[in-house]
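Below is one structure, written out as structure tokens; comments come after it.
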Amino acid sequence: MTYEFINDSNAKEQVCCEPHLKLGQSDESGDNHYYFNRIYFHEGKENIANGKILIGHIGGHIKFNK
């Protein structure tokens, strides 16, 4: 699962953002609904955004073929 980012050379670079966090529940009292939201990310690359964590997707679960 790759996403496109612009590197320090202003070139497009494909980065794998397969690791993800599951945001399943709300902190609101009485909210028993399960949410299927995820944050897909990459731990960061020195040549993109000064090595900051790269976020590929925030939202629903993404199905992909291996």
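The values are calculated or read from the model by the stated rules, or taken from the named source; none is laboratory data. These figures come from a predicted structure and were not determined experimentally. When we count neighbours, we look across all protein chains shown, and the Cβ atoms used for this are built from the backbone with ideal geometry, even at glycine.
A compact table of results
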{"item": "Residue match in region 40-61 (condition: modelled with pLDDT under 95 and of a type in the set (D, E, K, R))", "result": "no"}
{"item": "Some residue of region 24-35 being modelled with pLDDT under 95, touching a strand residue (DSSP E or B) at 6+ places or on another chain (Cβ under 7 Å), of a type outside the set (V, I, T) and on the phi > 0 side of the Ramachandran plot", "result": "no"}
{"item": "Residues located in region 45-66, provided they are exposed (fewer than 13 other Cβ atoms within 10 Å of the Cβ) and more than 25 Å from D8 (Cα to Cα)", "result": "G59, G60, H61, K63, F64, N65, K66"}
{"item": "Subset tally (residues that are of a type in the set (V, I, T) and part of a strand (DSSP E or B)) for region 45-66", "result": "3"}
{"item": "Residue selected from region 7-44 under the condition assigned to a strand (DSSP E or B) and more than 14 Å from the chain's Cα centre (by Cα), by the criterion surrounded by the fewest Cβ atoms within 10 Å (Cβ to Cβ)", "result": "K12"}
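Yes or no, residue by residue, for (1) free of Cβ contacts under 8 Å to residues at least 40 places away in the same chain; (2) out of contact with any Gly (no Cβ under 9 Å at 6 or more places or on another chain):
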position	(1), (2)
P19	yes, yes
L23	yes, yes
R38	yes, no
H42	yes, no
A49	no, yes
G56	no, yes
